[in-house]
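Student: Below is a structure I'd like to ask you about.
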Amino acid sequence: MTTAPEVVEQYQRAFGSGDVQSARSLLADDLHFEGPIDQFERADDYMESVAKLHQIVNGIDVKKILADANDVVTIYDMHTNTPAGTSKIAEWATVENGKIVAIRVFFDARPFAAMFEQD
């Protein structure tokens, strides 16, 4: 059986390479997502939102991965091609039965809020 860190790593690798189908296959249909800007209760809604985010991301530098049973925390720098620049992010995923069932993201959303106010 695949471990929680392996599932999260597969998801991040698939999403990072643009393989949205593989990334989606690792999410439970009733995925719970919570972040400082959005909340979702369905994986498809979450994927629609992050597909837009993917367009502004230049790269991600993983700094640390911490795991405890089914919980995996990934700390990374997300580089964007926007005035928001680079954001430090902590992402906490919970895995059950080989699928990610919850993702909680923590970051300073103020630079992104300012960017959206300009639109």
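The values are calculated or read from the model by the stated rules, or taken from the named source; none is laboratory data. In this text, all values refer to a predicted model and were calculated from it rather than measured experimentally. Please note: Cβ atoms are built from the backbone with ideal geometry, for glycine as well, and neighbour counts cover all protein chains shown.
Student: Any idea which residue in the stretch 1-26 is modelled with the lowest pLDDT, counting only those that are under 11 Å from the mean Cα position of the chain (by Cα) and hydrophobic (A, V, I, L, M, F, W, C)?
Tutor: Among them, the one singled out is F15.
Student: Moving on to the next point. Are there any pairs with C-beta distances below 8 angstrom linking a residue in the stretch 35-55 that is among the aromatic types (F, W, Y) to a residue that is at pLDDT below 90, with the two at least 6 apart or on different chains, and if so which?
Tutor: F40/S49
Student: Looking at this structure, is D108 closer than 24 Å to A4 by Cβ, among the acidic types (D, E) and either exposed (fewer than 14 other Cβ atoms within 10 Å of the Cβ) or modelled with pLDDT under 90 (or both)?
Tutor: no
Student: Tell me the residue from Q21, Q39, Q55 that is farther than 28 Å from T3 by Cβ and not hydrophobic (A, V, I, L, M, F, W, C), please.
Tutor: None of the others qualify; the one that does is Q55.
Student: Being at pLDDT 95 or above and buried (at least 16 other Cβ atoms within 10 Å of the Cβ) is the filter here, so list the residues in the stretch 47-69 that pass it.
Tutor: Within the stretch 47-69, just A67 meets the criteria.
Student: Here is a check on your reading of the model: is H79 touching a residue at least 12 places away in the same chain (Cβ under 8 Å), more than 25 Å from T3 (Cβ to Cβ) and surrounded by 12 or more Cβ atoms within 10 Å (Cβ to Cβ)?
Tutor: Yes: the conditions hold for H79.
The rows are residues; the columns are (1) farther than 19 Å from S17 by Cα; (2) touching a residue at least 40 places away in the same chain (Cβ under 8 Å).
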| position | (1), (2) |
| --- | --- |
| V57 | no, no |
| I75 | no, no |
| P83 | yes, no |
| E96 | yes, yes |
| I100 | no, yes |
